[in-house]
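What follows is calculated from the coordinates using simple rules that are stated; it is not laboratory data. Note that the structure is predicted; figures quoted are calculated from it, not measured. A quick note on method: Cβ atoms are made from the backbone with ideal geometry, for glycine too, and the neighbour counts reach across all protein chains shown.
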Amino acid sequence: MNPTYFLFLIYIIVCTLIITYWAAKRTKTTPRFYVAAGKLTGFQNGMAIAGDFISAASFLGIIGMVALRGYDGFLYSIGFLVSYIVVLFLIAEPIHRLGQYSLGDVICARFPGQHMRLLMALGTFIISILYMIPQLVASGFLLRLLLNLDYSLSVLIVGVLMTIYVVTGGMIATSWVQIVKTVLLMSGTFLLTLIVFSHFDWKIASLIDKVKDGSPFGMEFFRPGHLFQNPIEFFSLQLSLVLGTAGLPHILIRLYTVRNTFQVRRSLISSTWIIGSFYFMTLLLGLGTVALLGYDNLFSLDPTGNIAAPLLAHAVGGDFLLAFVAAIAFTTIIAVVAGLVISATTAFSHDIVHHILKKGKSTEKEQLHAARLSALAIGMISTLFALSLEKINVTFLVSITFIVAASSIFPVLLLTFYWKRFTAVGAITGMATGLLSSLIFVIFGPHVMNPQDGWILREPLFSLYNPGIITIPLGFLGAIVGSLLSGKKRQSIREFERFFVRAHIGMDTRREVEWRR
Amino acid sequence: MEEKIRAHLRKRKRLLILLLSVSLLFYFLLPLSLIFIPDVMSRPSFFYNMPWAWLYAILQIPMTWVFVGIYHAFAKKMERTMPVNKEDAL
């Protein structure tokens, strides 16, 4: 391995472990383990949300997509960003007011019961694991590509690190690793953008001209339609992207890590500024890649476009900048997977172990012990899974995570907060319909059933790669039909009004009183 | 529930629906325009002859910032003008 790469890698690992050591000394209670005792400021949490949200697929994938697919590649980023409007307007504040550590707490605030908690925990667990496995597998390939490490060793390094962060430092360590990642990612991307832009004398016209020269399509490169030809597929993807974030548990539980709803809004506003600026820079970097490296050259080196950013960094800044970009990619992966481990851990240890198995009677010490053990088990099992998946294509799991989240958790949360006729049965049927339909559509769709390179070598039963346009309405339909059929079990108007006031203008400063310990 | 709280929640709901509909309309008009009027969206614009589709897509970034900013300002104002003690309402 090149010594510069090695030094960067060691530097990142040592820095994050120092953060974890510092965090471990502070993680002595369950509120601190699960939600950093609500002590982050809005801006810190905004950086952590951006760090949790921007995956390696965003950092490396979108630059490559813009370089190879032009406009259509950029559309992914737009959906990701606008989804924060849905989170802020509809979901964020009620979640903060109603929940304590998990999404199960939120739904149980209206429909108390073990079945409901179990279902929410399962949904959270499935979504977190679905998202974590491809990230770990991608980390293996990425580190092999960038740092020339063996696949198994790469996965093992990332798996062990994420487990150490969460087991010892809980949400405090995870948050600060994510904050460091955001600082590194934004500064690195900004630096790279400045260097690239300087090659065009700081003129957009010059960049556009060079892109035309660098692409075999000339000005046609800028026309929409290089990726999405099927309008239903295209609309379905945009729908899933814009609604998906509002159902992603690892993002939503971050809303507990601040003190009040003012800080919740501030968190989301900060994250939209960071994520929006980041995607704007990736657009410039994607175009810069075509202009400086040439479309044909990039395509011949990597038809997926995933190494566009490293190639660009090497072209404009040599080995040093490439090492920096590799370090950013590494930090990006560990920050995202750590967020996913803590999300799955909360669902398992808080919802399933504490509330369901122990009937809510475990002591503070037992809860903390169970949380650490759960994190250890989840980290180890996910790493072992990822180690065995080297030869299997799992990248599609990233895109289906948004579909599953938008079809299952999002409808249940939305109807819980706003629909007075919603019932516990409706929540269960909605969650089950959304979860099952999205899994069925993916399993029998072209991602899995494909005569060329699918897991099942047959023609797919459903033609859509992004079935959100069907599964999201199905999730809502399941919830509505379930509620209407169980109308007798509906809450009284008085009960609903009490819940509604609590969700929308309720006490939001409880953490200041309860968790200052 | 006290009438003042009801009025407060109604006001909040009205503005939320307005903001949400305008922002989502702005967002979904992008894929819809690309599906239904691709030729118009591919025409060169005043901005370095880039197609209109690029301008509209890039505008979504400041649009998001503006809408989340408006919502925050509105929510802050609503919290300040809360009609009665929140604990009483519960």
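Rg of the Cα atoms in the range A:195-286, relative to 2.2 N^0.38 Å, amounts to 1.54.
Structure note, pairs A:LYS420/B:LYS11; A:LYS39/B:LYS77; A:LYS361/A:LYS488; B:LYS11/B:LYS77; A:LYS39/B:LYS11: Cα-Cα distances above 21 angstrom occur for A:LYS39/B:LYS77; A:LYS361/A:LYS488; A:LYS39/B:LYS11. Among the trypsin sites (Lys or Arg not before Pro) in the range B:9-57, none sits in a DSSP loop with a Cβ that has at most 13 other Cβ atoms within 10 Å. Mean residue ellipticity, 222 nm, helices only, chain A: the sum of -39500 (n - 2.57) across DSSP H runs of n ≥ 4, divided by residue count and rounded to 500, is -24000 deg cm²/dmol. Here the contact order of chain A, divided by its residue count and restricted to Cα pairs under 8 Å and six or more residues apart, works out to 28 percent.
Of the trypsin sites (Lys or Arg not before Pro) found in the range A:348-401, the ones in coil according to DSSP and having at most 11 other Cβ atoms within 10 Å of their Cβ are A:LYS359, A:LYS361, A:LYS391.
Counting only whole DSSP H helices of chain A, the ones at least 18 Å long by C-alpha along their axis and with mean Kyte-Doolittle hydropathy no lower than 0.0 are A:3-26, A:71-86, A:114-147, A:151-198, A:231-244, A:261-293, A:308-345, A:364-388, A:424-443, A:468-485. Working from Cα pairs under 8 Å separated by at least six residues, relative contact order for the range A:186-282 is 36 percent.
The angle between the Cα long axis of helix B:3-36 and the longest principal axis of the Cα atoms of chain B comes to about 10 degrees, rounded to the nearest 10. With contacts taken as Cα pairs under 8 Å and at least 6 residues apart, the range A:278-398 reaches a relative contact order of 15 percent.
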